[in-house]
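Asker: The structure follows.
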Amino acid sequence: MKKFSQPHLLGIKNITASDIELVFETADNFKAIINRPIKKVPSLRDVTVANVFFENSTRTRISFELAQKRLSADVVNFSASSSSVSKGETLIDTVNNILAMKVEMVVMRHPAPGACVFLANHVQAQIINAGDGTHEHPTQALLDAYSIREKLGSVAGKKVVIVGDITHSRVALSNIYCLQKLGAQVMVCGPTTLIPKHIEKLGVKVEHDLMKALNWCDVANMLRIQLERQDIKYFPSLREYSMLYGLDKQRLDQLNKEIVIMHPGPINRGVEITSDVADSKHSIILDQVENGVATRMAVMYLLAGQKG
């Protein structure tokens with residue numbers, strides 16, 4: 001039986017294409033399970049997982065928690081805003097206190113890039129990165145690629161454009177790594193101020209004209225503008241951004257082909273995507289949400305299996 005090559009899931013950068021395929025094959029099995037009347041399996045029955053979130057999150061936290069409960073794990077939820085962190089406790093102290101309660105696995109979201117790597121080097125538990133600053137968000141990239149595979153049959157050879165706030169997006173970086181490892185071509189599209197310098201070194205194309213990007217791609221992954229991470233103004237107004245980079249039905253109708261529309265959420269309707277596109281037959285946004293549970297089940301199952 002194939003095993004996951006890493007003891008943790010800290011980022012897509014340090015896992016292999018065969019790791020990704022293994023997650024997908026495992027997720028296929030779990031997707032069948034969560035569509036049954038009885039959705040639980042005893043795979044993690046004796047494992048305690050702590051969800052440690054130092055940043056607000058609704059969808060990712062609920063998705064992980066649901067995945068853990070479907071696997072019959074014991075779940076501890078920890079929110080930094082209502083914890084001793086607000087009293088000055090350090091990250092290691094916080095997590096070591098949680099581990100002293102005999103927790104085997106930690107799912108962590110943190111505003112500092114590299115926090116999960118730091119933690120993995122200092123505590124005795126398996127760490128899953130649920131987003132670290134503007135660095136990586138590996139499970140989002142896995143569920144995104146899994147959703148493309150489900151819709152189009154495979155990821156290899158597909159052309160995927162990631163549109164929007166690339167500079168502040170951890171989803172973009174993880175997606176670039178993941179899609180390239182699976183053999184896809186990747187383009188980023190957005191205003192110059194929201195595209196990181198030297199991003200071409202990652203092997204991606206850069207386009208500033210949305211219609212050119214849409215005509216090139218098979219899949220468009222629309223990112224929201226992360227205003228909470230922006231300390232200066234990167235463009236004149238949301239209205240102007242929307243006029244240049246917002247995806248609406250008019251733009252879709254101008255294409256001479258059908259493309260797949262994705263969004264990692266939360267959606268700012270009317271800014272990067274209009275409701276008639278987000279809710280259209282082109283969109284697989286709700287499939288991404290469903291696939292998130294199966295993919296996260298697969299990741300936790302594979303990591304826990306290394307203990308055996």
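Nothing in this text is a laboratory measurement; each read-out follows from the coordinates by a stated rule. Everything numeric here is computed off the predicted structure, so don't read it as measured data. Here the Cβ positions follow ideal geometry from the backbone for every residue, glycine too, while neighbour counts run over all protein chains shown.
Asker: Over the chain, what is the percentage of antiparallel beta bridges among all DSSP beta bridges, to the nearest 5?
Answerer: 5 percent
Asker: Can you compute the FRET efficiency between residue 211 and residue 287 using 1/(1 + (r/R0)^6), with r the Cβ-Cβ distance and R0 = 25 Å? Round to the nearest 0.05.
Answerer: 0.45
Asker: For the pair residue 45 and residue 14, what calculated FRET efficiency results from E = 1/(1 + (r/R0)^6), where r is the Cβ-Cβ distance and R0 = 41 Å, to the nearest 0.05?
Answerer: 0.90
Asker: Need the full-extension length gain, residue 275 to residue 79, defined as separation in residues times 0.36 nm minus the C-alpha distance. One decimal, nm.
Answerer: 67.4 nm
Asker: Report the calculated FRET efficiency for residue 156 and residue 258 (r = Cβ-Cβ distance, R0 = 22 Å), to the nearest 0.05.
Answerer: According to the calculation, E is roughly 0.65.
Asker: Continuing with the same structure: Normalising by the residue count of segment 246-308, find the relative contact order in percent from Cα pairs under 8 Å and 6+ residues apart.
Answerer: Relative contact order for segment 246-308 comes out at 35 percent.
Asker: Follow-up question, since we're still on this one. By what distance, in whole Å, do the Cα atoms of segment 138-285 stretch along each of the three principal axes, largest value first?
Answerer: 40, 33, 25
Asker: Which whole-number percent is the relative contact order of segment 156-297 (Cα, under 8 Å, 6+ apart)?
Answerer: Averaging sequence separation for qualifying contacts and normalising by length gives 24 percent for segment 156-297.
Asker: Can you list the aspartates and glutamates whose alpha carbon sits under 19 Å from that of residue 39, skipping same-chain ones fewer than 8 residues off?
Answerer: Once the sequence-local aspartates and glutamates are set aside, what remains near residue 39 is 25, 28, 65, 74, 287, 290.
Asker: When the helices in the chain are scored as -39500 (n - 2.57) per DSSP H run of 4 or longer and the sum is shared across all residues, what 222 nm value do you end up with, to the nearest 500 deg cm²/dmol?
Answerer: Result for the chain: -11500 deg cm²/dmol, rounded to the nearest 500.
Asker: Oh, and also: Nearest 5 percent is fine: what portion of the DSSP beta bridges confined to segment 72-186 is antiparallel?
Answerer: So the antiparallel bridges in segment 72-186 amount to around 10 percent.
Asker: Going by amide H atoms built from the backbone, whose H comes under 5 Å of the H on residue 205, apart from near neighbours?
Answerer: Here 186, 187, 188 satisfy the definition.
Asker: A follow-up question, please. Hull surface divided by four, with the convex hull built on the Cα atoms of the chain: how many nm²?
Answerer: Hull-based average projected area comes out at 16.1 nm².
Asker: For the peptides 48-58, 255-265, what is the packing order when you average, over each peptide's residues, the other Cβ atoms within 10 Å and list the highest mean first?
Answerer: The most tightly packed comes first, giving 48-58, 255-265.
Asker: Would you look at the GNM of the chain, springs on alpha carbons closer than 10 Å, and say which of 108, 211, 297 moves the most?
Answerer: Among 108, 211, 297, the largest mean-square fluctuation in the Gaussian network model of the chain belongs to 211.
Asker: If you average the sequence gap of Cα pairs under 8 Å that are 6 or more apart and divide by the length of the chain, what percent do you get for the contact order?
Answerer: Once normalised by length, the contact order is 21 percent.
Asker: Next question, about the same structure. So how do 8, 122, 208 line up by other beta-carbon neighbours within 10 Å, fewest first?
Answerer: Ascending number of Cβ neighbours within 10 Å: 122, 208, 8.
Asker: Number of Lys pairs in segment 138-285 with C-alpha atoms less than 19 angstrom apart, excluding same-chain neighbours closer than eight positions?
Answerer: Close lysine pairs found across segment 138-285: 22.
Asker: Quick one: angle between helix 138-152 and the longest Cα principal axis of the chain, in degrees between 0 and 90, rounded to 10, please.
Answerer: Approximately 60 degrees, to the nearest ten.
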